[in-house]
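Structure first, then comments.
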């Protein structure tokens, strides 16, 4: 898995944990922001993972 996909996955997991903490503490608005951030980083994880898989299948480097 490419490094950017792993970073995005780490951000996703931390955002989910922060959302849970926010909801438990009663801060609904901040919890919703964390959930949205988790969704964004989840999509970034899938994008970079698929991009890396396609690049390794084609034999070329992953570039911009």
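A Gaussian network model of the chain, with springs between Cα atoms under 10 Å, assigns the largest mean-square fluctuation among 11, 24, 35 to 24.
Label separation (residue 23 vs residue 43): 2.0 nm, computed from points 7 Å beyond Cα along the C-beta direction. Under 17 Å from a label point set 7 Å out along the Cα-to-Cβ vector of residue 53, the amide N atoms of segment 9-34 belong to 9. Taking a quarter of the surface of the Cα convex hull of the chain gives a mean projected area of 4.2 nm².
No lab work stands behind these numbers, since they all come straight from the coordinates. Because the structure is a prediction, the values reported are computed rather than measured. Because the Cβ atoms are built from the backbone with ideal geometry, glycine has one as well, and the counts that use them run over all protein chains shown.
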